[in-house]
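The structure appears right after this line, and notes come after that.
FYI, it's all coordinate maths here, none of it is from the lab. Computed from a prediction, not measured in an experiment: that's the story for all the values here.
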């Protein structure tokens, strides 16, 4: 099973975390299942960019983002070339390392 490594995030995952996921699993659902309270304001339909993550390692094992994901990524805070929407990422055969951005597009959480 692929291994997901979440780098430490001050609020959402202070110690960082690692967990196995089944091939084909939604990254957003896997994060939530393992106690990482990532935002997903649109109910995981790639319509809000609040589940923005940075794939720091293993991006080559993922499918390329589709047009809907790319359109929403334009609205993400702190966009980088490795940016993805967790709701659009399906974990495949390889391990991935993700970083949760300091802020999200959701103004209620920004400080």
Taking only Cα atoms and a 10 Å spring cutoff, compute GNM fluctuations for the chain and point out the largest among 49, 41, 76. 41
Within the chain, helix-based [θ] at 222 nm, where runs of 4 or more DSSP H residues each add -39,500 (n - 2.57), nearest 500: -3000 deg cm²/dmol
